[in-house]
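Working notes, beginning with the structure itself.
FYI, it's all coordinate maths here, none of it is from the lab. Since the structure is predicted, the reported quantities are computational estimates derived from the model, not experimental observations. Cβ coordinates were reconstructed from backbone atoms using ideal geometry, including for glycine residues, and neighbour counts include every protein chain displayed.
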């Protein structure tokens, strides 16, 4: 039973669900500690106390009808009298088990392994990348780089070493806009320290490929992941809601009981109890 409890706690901590939860098993009560200094079997933030009577936790008020059909509130526990394993919960675990949704989870509580799954199976990262960079793929990054270097409307490709006069260049490009209606746009080569740097950059740009910007894109993705998890000016909330992956998380939860030869049933909306198969 202790191994199963540890597996349950590990699952709950992975998905940020280890809050407002108490697991009752083998005469003990397991619940989140006030700090990470309480460690059990390598898991932080786990407090353990003796629990001689699980029904102290699982008893609640419900209505029962008397012989005349009149309903009266009574205190009752729906737990399996054998008390193999019971759980009581509120917060995000309650939302997952009772409403089939994954919401109200603190970002800081989610384990990196769970974040890897979230980023791989949702569009959260793509949406955030577009919000942050207005880009959603390395192909779009390449297009942006090439547009900035080769076709930036804020600069002109006018080069006095290629064209003898501005008028000759204008004739070649079939006219080009003037800045403020009068002044010529800044020549692109003036963006660089030397003319040689400009020529080298143009030569590189003309043969630039996805592979060449792979490292840059990977760093942008990594930065976006870190910023999204930690929060930023664009996302100041400390929690997250991703209902579309609730089914997968619930299945992972159910599989723990299945592997241990148990099944569970709900008592109150905030409790469950286990039975042997």
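Applying 1/(1 + (r/R0)^6) with r as the Cβ-Cβ distance of residue 76 and residue 10 and R0 = 45 angstrom yields a FRET efficiency of 0.90. A simple spin-label model places the labels of residue 90 and residue 52 2.7 nm from each other, with each point 7 Å out along Cα-to-Cβ.
Given their separation in residues at 0.36 nm each and the Cα-Cα distance between them, residue 108 and residue 137 gain 7.8 nm when the chain is fully extended.
By the count of other C-beta atoms within 10 Å, a proxy for reagent exposure, 77, 108 are ordered fewest to most as 108, 77. Of the Cα atoms belonging to the range 64-125, the radius of gyration and Dmax stand at 19.5, 60 Å. Hydrodynamic estimate: the Kirkwood radius of the range 1-77 over Cα pairs, inserted into Stokes-Einstein at 20 °C and 1.002 mPa s, corresponds to D of 149 µm²/s.
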